[in-house]
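Taking it in order: structure first as structure tokens, then the write-up.
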Amino acid sequence: MKRVNILGATGSIGRSTLDLIERAPDAFQVVALTAHRDVDGLADAAQRTNAQLAVIADETRLDALRDALAGSGVRAMGGEAALCEAAAMDVDWTMAAIVGCAGLRPIMAAIERGGMIALANKESLVSAGEVMLAAARASGATILPVDSEHNAIYQCFDSRAPDQVRKVILTASGGPFRDWPIDAMRDITPEQAVAHPNWSMGAKISVDSATMMNKGLEVIEAFHLFPVTADQLDILIHRQSVIHSMVEYVDGSVLAQLGTPDMRTPIAYTLAWPKRMATPCPALDLATIGRLDFEAPDAARFPALALARSALVASGAAPAILNAANEVAVAAFLARKIAFLEIAAIVGDTLERYTPAAPDSLDAVLAIDAEARVRADERVKDCVV
Ligand code: NAD
Ligand code: MG
């Protein structure tokens with residue numbers, strides 16, 4: 001039996017993870033589940049899976065969680081310290097599926113504890129890549145990428161021959177606005193932005209896919225996860241989301257991982273690693289799909305791509321600032337405070353105006369993250385929708 005924790009159990013990735021675990025009750029034992037504010041979703045999942053512990057990050061909801069779990073035998077806790085306590089429990093496998101830098105401290109607690117960390121939360125790696133990887137080296141934790149592109153690269157990357165890798169090619173669906181002229185993009189609504197053509201995901205990553213900041217964050221994520229330089233990381237628009245990414249070798253071979261766009265495949269890969277497990281995902285039917293299309297990304301309509309790449313090249317504090325400003329801007333867009341095209345503008349301005357020294361610890365990353373949020377928020381207030 002693998003003992004598992006799910007940080008962010010009520011979200012899109014968390015629910016897909018629970019779906020797989022609940023189909024294999026003899027293989028997995030749930031220890032702790034966490035959520036931000038969804039008491040009912042958390043209590044329901046904790047009872048279904050016989051979890052030992054349920055943690056609600058928003059402490060004001062702890063009483064409601066206690067009520068919902070009364071008589072169930074599941075212990076209830078609340079607040080960020082409790083999240084970290086849950087993350088540090090003795091488990092074999094942790095799903096890190098909290099969205100945004102809010103996940104950073106609990107993910108670090110899990111990494112310091114050791115074991116296998118299935119990492120869905122890309123924001124933590126973008127902001128604190130060096131710090132996280134140093135902690136993983138120190139504890140011996142294994143980080144298994146859940147993000148479909150990185151999971152694909154993980155499956156194709158020949159770690160015996162890292163010097164023979166020429167390129168890593170991250171595929172991108174291009175999001176819902178890949179074919180829109182820039183003029184039409186000014187009036188994009190949150191509803192349009194969260195309706196992704198291929199994947200069903202949480203609101204924040206859906207907006208990131210629409211601006212293509214998601215692919216920018218993923219380039220930085222790939223830089224940390226694999227032994228490659230920034231120049232070796234390419235982006236290719238592939239609208240069907242069937243090829244999840246590719247690795248090109250010096251001999252001309254290109255290895256790809258394909259599948260239907262269903263996150264349960266990469267999640268299952270990390271759950272069963274180093275083995276494989278069956279999933280209910282529909283088999284890939286290429287004869288029905290018929291064709292696969294590819295094109296270069298459009299840097300002019302998607303400035304987030306260049307912003308992310310320049311933050312990667314600048315390194316130091318820049319990726320953490322990029323991420324924090326983006327989180328603030330996406331939240332403001334979803335709250336209808338700013339227009340769609342202002343997301344990248346706010347990220348760009350925050351990066352330009354705030355240039356602190358490189359962080360050398362988790363606390364330093366979090367301080368930069370906090371200050372970048374204040375500055376991005378001031379910039380949001382300058383915008384009038
Ligand atoms: P989601 O919004 O559906 O779920 C987020 C989860 O995090 C929820 O359980 C929520 O309760 C919890 N959470 C939110 N704010 C929190 C806070 N302040 N403190 C503690 N917990 C908090 O998001 P998602 O789509 O499941 O994405 C989760 C992560 O996985 C993101 O980092 C995203 O980029 C990444 N990811 C998602 C997908 C996908 O298909 N959904 C694919 C690749 C990567
Ligand atoms: Mg992805």
Legend entry - Efficiency of FRET between residue 357 and residue 92 - r from beta-carbon atoms, R0 30 angstrom, step 0.05: 0.20
Legend entry - 19 Å Cα-Cα threshold exceeded, pairs from 215/381; 204/337; 122/381; 215/275; 167/215; 122/215: 215/381; 122/381; 215/275
Inset, instruction - Give, as ranges by residue number, the residues of the stretch 145-163 whose backbone N falls under 16 Å from the point 7 Å along Cα→Cβ of residue 276. - result: 151-157
Inset, instruction - Select from 236, 370, 259 the residue farthest towards the positive end of the dipole of the stretch 217-371; place +1 on Cβ of Lys and Arg, -1 on Cβ of Asp and Glu, and compute about the Cα centre. - result: 259
Inset, instruction - Using a Förster distance of 51 angstrom, determine the FRET efficiency expected from the C-beta separation of residue 133 and residue 285, and round it to 0.05. - result: 0.85
Legend entry - Sulfur and carbon atoms: percent of accessible area, the chain [1.4 Å]: 52
Inset, instruction - Just name one of 331, 317, 358: the one whose Cα is farthest towards the positive end of the charge dipole of the stretch 316-385 (beta-carbon charges, Lys/Arg +1, Asp/Glu -1). - result: 331
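Grab the alpha carbons of the chain, take their convex hull, and tell me the volume per residue in Å³.
Dividing the Cα hull volume of the chain by its residue count gives 139 Å³.
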Inset, instruction - Please calculate how many Å² of accessible area the chain carries per residue, with a 1.4 Å probe and no DNA, RNA or ligand atoms counted. - result: 41
Legend entry - Computed label-point distance, nm, for sites residue 199 and residue 85 using a 7 Å Cα→Cβ extension: 3.4
Inset, instruction - Quick one: which residues, 5+ away or cross-chain, put their amide H under 5 Å from the amide H of residue 166? H built at 1.01 Å from N. - result: 248, 249, 250
Inset, instruction - Filter the DSSP H helices in the chain by two things, a Kyte-Doolittle mean of at least -0.5 and an axial alpha-carbon span of 27 angstrom or more, and list the hits by number. - result: 362-382
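The values are calculated or read from the model by the stated rules, or taken from the named source; none is laboratory data. This structure is a prediction, so every number in the text was calculated from the model and none was measured. Every residue, glycine among them, receives a Cβ derived from its backbone with ideal geometry; neighbour counts consider all protein chains shown. Only protein heavy atoms, including side chains, enter the accessible area calculation; ligands, DNA and RNA are left aside. Shrake-Rupley method; radii C 1.70, N 1.55, O 1.52, S 1.80 Å.
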